[in-house]
Ligand SMILES: Cc1cc2nc3c(=O)[nH]c(=O)nc-3n(C[C@H](O)[C@H](O)[C@H](O)COP(=O)(O)OP(=O)(O)OC[C@H]3O[C@@H](n4cnc5c(N)ncnc54)[C@H](O)[C@@H]3O)c2cc1C
Ligand code: SF4
Ligand code: SF4
């Protein structure tokens, strides 16, 4: 051991730690450890008085390093390191011993928990015993931002960031931005028209001098780290020059290929060359390569012949663009849990059983039926409509365990929209319970029940089947305990929201985590709701979890604020816990060079040299070097060996 | 379970050193804590930057210092915060197991697991299972340095 003057501070965390761990004993035992010259326990170390007491002890006892035995370093490592700095210490000589999450909260036996807390604390004392004072490494930042996903979340984030003067690249995989909000008819609780409030924002995006919009594009590769990411974006060819396209529709009028229109969720058809919807941004037609007869004038070529401005070009090729950005916002949104999973409800095979988004398209003035609610199968006006909530949600045994949060609200909206279209029709709603937290939300649902006379039935639907041109709905009303049978003309399923297709891939590309349900994981459920676990990558909208538009917009604004804050600095500090080489030991075998995932090591004059800006301190090199010539600062083999010893003593 | 067996299992508490990568498994163990999922206290965690940074020397060192079992837990393959560190770690497992067999230590005293930040319950299960699987092996003496 080197000669150190370490202080140990054991936190009670109120009763969170003290109830299970004998904190006084931990402090007593630590006082006897080699190198420890001071130790104490305190009820809330992170409080102002707690932090001041640490500062005072550092000064009084002339400490050169501290160990705080408390909660996870994810919570307060920064707090305590900053505090140590305030007392004149180097912040990297402050170590955290996690005796709450990894000990007090997971054990009941007081003696054993105390024993383990001693080991954890002792291990941190050993680490601190060999900690070097380190200074953060300054790295320049790229003041440009990548936003992935052009739904309302991505649009809002892009606009907020661009309005702060930063350059934004907005990447959307569809041919238009807008996301699911474009498909909605009216929005709860105020019933304002979705497209009317969204379209102006889409136009703002397309005209914004700071925003570079890349639709029909996907992010393929990401490297680097906060402040300096390098991204590889693949833009698929649309075969139509958006600058020239006059959206005259001449091309679609002659195109012989008819395929289902995904924007209307298959309720209408489109041509191979099409515009997703009239106000699409960019305002241009797109040729769907997979549907086209072959991009070949000999096979067809009708659209190219008819386009007067010559906007169509069959020779367009995919383009790859490499961009450097300082921060990334991920707003890849949601998709509905597929009907095919719901066998008991027909598995998507029963006519006129629709999902919520299809119903939105039926109600929308721009939709399949020009805003008349008609059954897709025979275009008659449905007089009895059954809405079923929680389809696929809150069912851990068979489907998604979580609550999709917005379905109670949009089902109430659907019942209302239906009654406004078909005043003499009857709307039934099957529900488990009604979750209507939000400004004006509860009043909205009450109004639908009372004024629009929607019939709410508490219970689950067990079966759906076709009978005599109707859909027989078998369910139970759990309030009366009676079985219910309804012969419906149409059934609308409020299917669970799930992470959009491709979320797993994008999470892998970005090296950010997902939660147990597959949504992108935030760094802390309460205190870091828009940060991913990777510095510089932020989350917005339904990609992070089910939410409605107001919440999505708020989260996008929060993510934008974080990005703006981050990039308002000229340089960022990079953790100095990077690899260093002992020249005397290095033989230049290059094993570490190939082990380093960041290409941070090169060989100069026969010795390994670490580029500190590129090094992330993962330690892969040190585990590979046979001569202990390369190690990570403050996580050296000597430190680890002593920590191991501390854990076993 | 016979009385005698019961006595053996309560008497002997395997001592485990658990190397947890900072980004996934350590965060996963935090989640187990936040969710108050109980598990035995036999394993003392050491947080390392990445499972790929755990050199075979650390594992031997732990056994030499008296550990009955060593756990290395990292992110799932493909999710490594450090691109491919856990892949390197996985390649090393085989090597370590063979080495242990060679020096006469039960290879099962070393275990590798993949626990993500969202898998609090899994982390506690990994510890429970490891403790139970180590019991029948009894104390590890082969590599333990005589410290008396
Ligand atoms: C039936 C129904 C009715 C609703 N009604 C209401 C309502 O009345 N009021 C309300 O407040 N909310 C309502 N909502 C919720 C609302 O739709 C969402 O809150 C909102 O659309 C979320 O926006 P987003 O940007 O997070 O996601 P999305 O709208 O899903 O947008 C995500 C975007 O990212 C793109 N994308 C996905 N992956 C990638 C990738 N890898 N690369 C590039 N781009 C990608 C997608 O193409 C899409 O454009 C309703 C939802 C449903 C299902
Ligand atoms: S592996 Fe070790 S010895 Fe080989 S080049 Fe790297 S630092 Fe030098
Ligand atoms: S610690 Fe070593 S392997 Fe890891 S990034 Fe730094 S130089 Fe590369």
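The values are calculated or read from the model by the stated rules, or taken from the named source; none is laboratory data. Everything numeric here is computed off the predicted structure, so don't read it as measured data. Quick reminder, even Gly has a Cβ in these numbers, built from the backbone with ideal geometry, and neighbours come from all protein chains shown.
Scanning the stretch A:51-78 for residues that are within 35 Å of the chain's Cα centre (by Cα) and surrounded by 15 or more Cβ atoms within 10 Å (Cβ to Cβ) gives A:51, A:67, A:68, A:69, A:70, A:71, A:72, A:73, A:74, A:75, A:76, A:77.
Condition check: away from every other protein chain (no Cβ under 14 Å), touching a residue at least 12 places away in the same chain (Cβ under 8 Å) and surrounded by fewer than 24 Cβ atoms within 10 Å (Cβ to Cβ). Does residue A:137 satisfy that? Here the answer is yes, as residue A:137 does meet what is asked. Against the test of being more than 21 Å from residue A:512 (Cα to Cα) and more than 16 Å from ligand 1 (Cβ to nearest atom), the options A:561, A:628, A:575 yield a single qualifying residue, A:628. Within the stretch B:32-56, the residues that satisfy the criterion of being within 7 Å of chain A (Cβ to nearest Cβ) and in a helix (DSSP H, G or I) are B:32, B:33, B:34, B:52, B:53.
Please determine, by comparing only the residues of the stretch A:225-255 that are within 21 Å of residue A:166 (Cα to Cα) and surrounded by fewer than 17 Cβ atoms within 10 Å (Cβ to Cβ), which one is modelled with the highest pLDDT. Break it down stepwise before answering.
Going residue by residue through the stretch A:225-255, those that are within 21 Å of residue A:166 (Cα to Cα) are A:225-233.
Next cut, surrounded by fewer than 17 Cβ atoms within 10 Å (Cβ to Cβ) only: A:230, A:232.
Numbers: A:230: 95, A:232: 98.
Looking at the filtered set, the residue picked out is A:232.
Quick one: which residue in A:579, A:540, A:559 is in contact with a helix residue (DSSP H, G or I) (Cβ under 9 Å, 6 or more places away or on another chain) and within 15 Å of ligand 3 (Cβ to nearest atom)? Steps first, please.
Numbers: A:540 fails: within 15 Å of ligand 3 (Cβ to nearest atom); A:559 fails: within 15 Å of ligand 3 (Cβ to nearest atom).
Exactly one residue qualifies, and that residue is A:579.
Kindly check whether there is at least one residue in the stretch A:529-539 that is within 11 Å of ligand 1 (Cβ to nearest atom) and more than 30 Å from residue A:352 (Cβ to Cβ). Checked against the condition, which is being within 11 Å of ligand 1 (Cβ to nearest atom) and more than 30 Å from residue A:352 (Cβ to Cβ), the stretch A:529-539 yields at least one hit.
It is to be established whether one or more residues within the stretch A:333-344 are part of a helix (DSSP H, G or I), buried (at least 23 other Cβ atoms within 10 Å of the Cβ), modelled with pLDDT of 95 or more and not assigned by TED's automatic domain parsing to the domain that holds residue A:174.
Let us first name the residues in the stretch A:333-344 that are part of a helix (DSSP H, G or I), namely A:339-341, A:343-344.
Filter once more, so that each one left must be buried (at least 23 other Cβ atoms within 10 Å of the Cβ): none.
No, the conditions are met nowhere in the stretch A:333-344.
For the stretch A:623-637, indicate whether the set of residues that are within 12 Å of another protein chain (Cβ to nearest Cβ), surrounded by fewer than 18 Cβ atoms within 10 Å (Cβ to Cβ) and closer than 30 Å to residue B:41 by Cβ is non-empty. No, that holds for no residue.
Do we find that residue B:63 is closer than 23 Å to residue A:648 by Cβ, part of a helix (DSSP H, G or I) and either within 11 Å of chain A (Cβ to nearest Cβ) or at pLDDT below 75 (or both) in this structure?
Working: closer than 23 Å to residue A:648 by Cβ: yes; part of a helix (DSSP H, G or I): yes; either within 11 Å of chain A (Cβ to nearest Cβ) or at pLDDT below 75 (or both): yes.
The answer is yes for residue B:63.
Would you mind stating whether residue A:522 is surrounded by 18 or more Cβ atoms within 10 Å (Cβ to Cβ), within 13 Å of chain B (Cβ to nearest Cβ) and under 28 Å from the mean Cα position of the chain (by Cα)? Yes, satisfied.
Would you check which residues across the stretch A:528-537 are in contact (Cβ under 8 Å) with a residue 60 or more places away in the chain and either more than 14 Å from every other protein chain (Cβ to nearest Cβ) or touching a helix residue (DSSP H, G or I) at 6+ places or on another chain (Cβ under 8 Å) (or both) and list them?
Let us first name the residues in the stretch A:528-537 that are in contact (Cβ under 8 Å) with a residue 60 or more places away in the chain, namely A:532, A:534-537.
A:532, A:534, A:536, A:537 - these are the residues of the stretch A:528-537 that are in contact (Cβ under 8 Å) with a residue 60 or more places away in the chain and either more than 14 Å from every other protein chain (Cβ to nearest Cβ) or touching a helix residue (DSSP H, G or I) at 6+ places or on another chain (Cβ under 8 Å) (or both).
Of A:265, A:244, A:287, all but one fail to be touching a strand residue (DSSP E or B) at 6+ places or on another chain (Cβ under 6 Å) and in contact (Cβ under 8 Å) with a residue 40 or more places away in the chain; the exception is A:287. Take the stretch A:346-370 and flag every residue that is over 10 Å from residue A:183 (Cβ atoms), in a loop (DSSP other than H, G, I, E, B) and within 31 Å of the chain's Cα centre (by Cα). If the condition is that a residue be over 10 Å from residue A:183 (Cβ atoms), in a loop (DSSP other than H, G, I, E, B) and within 31 Å of the chain's Cα centre (by Cα), then A:347, A:348 are the ones that fit. From A:562, A:547, which residue is closer than 26 Å to residue A:94 by Cβ, away from chain B (no Cβ under 14 Å) and at pLDDT 95 or above? None of the others qualify; the one that does is A:562. Does the stretch A:384-413 hold any residues that are surrounded by fewer than 23 Cβ atoms within 10 Å (Cβ to Cβ) and in a strand (DSSP E or B), and which are they? If the condition is that a residue be surrounded by fewer than 23 Cβ atoms within 10 Å (Cβ to Cβ) and in a strand (DSSP E or B), then A:384 is the only one that fits.
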